[in-house]
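Each remark here refers to the structure printed beneath this line.
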């Protein structure tokens, strides 16, 4: 028996050593893109070039031990060179001005406005997870677990998702991959935001309608939509079918991070009634792929239930249902869910899915497309089942008890706190 205890102790000690070896392999928490075809960034005239060769990041390179402990994930995609067009804000779409700095806990972003008033965002491809690192991780020297977790995100997922969204009839922000060199138009943001890789996309709120929809009064975020509801009451509703389609689409692409701040709304006027149509934004976590010992533990349903991996099957619908879903889709008949699932199955054909992979540079598609295509097809095939589970879980979890994320400044009436239609 002693030998067994010694053996188990030895295995545990070895595992601890491997973990610390893995997470201490780099002390960096952030790295911008790596420019590969330019020797001196400080001396080059970027205006003499139309594109640049970059790797999104080499921060996630790993040896065999790190791969075993923290997974392969999308490390090869992050470090693979891609040719990216160079843009200058003074000529982009007739000239852009900076409205404000934005971004969430990981993404650096700038909101821009074109000459005609259309608003855009520059969203950094490279993520900065410093705000997410808990104190205990810093104390124990384990911050790299959080930093390295970014490698489970596909840096170019949004490009394929946009193409698929178009085919599915879902309004999206049309992201494009661009390189923004240092330039005068960046003003005080030049040092922080210059010489970096971005997704340039439409902003989900603003006064100018960039969608293909007609009679759009305004584009708003979820908080502003709730404030409109308080004023217009029964004159304002949402397009539930469009929202259900968009949420079922999220399941197909494995985008688990869909809280209220990830959505905008196009408010359409028809006589004396208004209908809000959802706009899906922020696709950082589509195709999310946590592998290895530590990520697999963290994405277990008993540890972080909402951190759902992009596997062939959805095996824990509970973790994918947000208060956002219950708030807007409460009391919606099941046949609406089933109908939208069947429509999506019809629209997302094998050829549509395969063609969407051409949105990636060839080198990236070769690394990613086969596995991702297979998983999308499999999830699409089971979409009616997932639609029923989605509806069931909304009913099971019940009415919302707290304000939605980003809506803390609204003074709610009790019923309106519970669901959008409760007012």
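Does residue 356 count as at pLDDT below 95, part of a helix (DSSP H, G or I) and under 24 Å from the mean Cα position of the chain (by Cα)?
Details: at pLDDT below 95: no; part of a helix (DSSP H, G or I): yes; under 24 Å from the mean Cα position of the chain (by Cα): yes.
In short, no.
Would you mind listing the strands (runs of 3 or more DSSP E) fully within region 28-132 where at least 1 residues are crowded, with 20+ Cβ neighbours inside 10 Å and more than 18 Å from the chain's Cα centre (by Cα)? Walk me through how you get there before you give the answer.
On the way: elements: 51-55, 81-85, 96-102, 109-114, 119-124.
It comes to 51-55, 81-85, 96-102, 109-114.
For region 211-223, the criterion of being surrounded by 23 or more Cβ atoms within 10 Å (Cβ to Cβ), within 20 Å of the chain's Cα centre (by Cα), assigned to a helix (DSSP H, G or I) and outside the structural domain of residue 90 (by TED's automatic domain parsing) is satisfied by at least one residue. Checked against (1) crowded, with 23+ Cβ neighbours inside 10 Å; (2) out of contact with any helix residue (DSSP H, G or I) (no Cβ under 7 Å at 6 or more places or on another chain); (3) modelled with pLDDT under 95, residue 270 meets all criteria but (1). Of all residues in region 314-353, count the ones that are within 23 Å of the chain's Cα centre (by Cα), more than 23 Å from residue 167 (Cβ to Cβ) and not in a helix (DSSP H, G or I). The qualifying residues number 4. Could you count how many residues in region 388-415 are in a helix (DSSP H, G or I) and more than 21 Å from the chain's Cα centre (by Cα)? Residues in region 388-415 being in a helix (DSSP H, G or I) and more than 21 Å from the chain's Cα centre (by Cα): 11 in total. Considering only region 347-354, I want to know if a residue exists there that is more than 18 Å from residue 157 (Cα to Cα) and surrounded by 15 or more Cβ atoms within 10 Å (Cβ to Cβ). Yes: region 347-354 contains one or more residues that are more than 18 Å from residue 157 (Cα to Cα) and surrounded by 15 or more Cβ atoms within 10 Å (Cβ to Cβ).
The values are calculated or read from the model by the stated rules, or taken from the named source; none is laboratory data. It should be emphasised that the depicted structure is a prediction, and the values quoted were computed from it without experimental measurement. Every residue, glycine as well, gets a Cβ built from its backbone with ideal geometry; the counts of neighbours run over all protein chains shown.
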